[in-house]
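Trainee: Have a look at this one.
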Amino acid sequence: MDAWCLRYTGKIYDQDGQWAATGQVIPVLLETLLAILFLCANHHKSTGRDLFNLHWLEKRLSGDEAPENVQATFAGN
């Protein structure tokens, strides 16, 4: 989320999810994220950019998604 925010807003993070609140969830991207077992686990989770990074994300986007919609999807708005 932070890398995406930095790329499109120049800010290091989306404070209080304000930018994400301007977008709409992308159902196909959300389904892709939810299909990853790591994200569905019922325990506390933490990972770095080694697993989820801009390259990983870009391979899963069609290229015409509005950046704020991608952020909204990450935030679960």
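Trainee: Can you find a residue in the range 50-62 that is in a helix (DSSP H, G or I), touching a helix residue (DSSP H, G or I) at 6+ places or on another chain (Cβ under 8 Å), modelled with pLDDT of 85 or more and not hydroxyl-bearing (S, T, Y)?
Mentor: Among the residues of the range 50-62, at least one is in a helix (DSSP H, G or I), touching a helix residue (DSSP H, G or I) at 6+ places or on another chain (Cβ under 8 Å), modelled with pLDDT of 85 or more and not hydroxyl-bearing (S, T, Y), which makes the answer yes.
Trainee: Can we say A20 is at pLDDT 95 or above, crowded, with 16+ Cβ neighbours inside 10 Å and on the phi < 0 side of the Ramachandran plot?
Mentor: yes
The values are calculated or read from the model by the stated rules, or taken from the named source; none is laboratory data. In this text the structure is predicted, and so the values were computed from the model without any measurement. Every residue, glycine among them, receives a Cβ derived from its backbone with ideal geometry; neighbour counts consider all protein chains shown.
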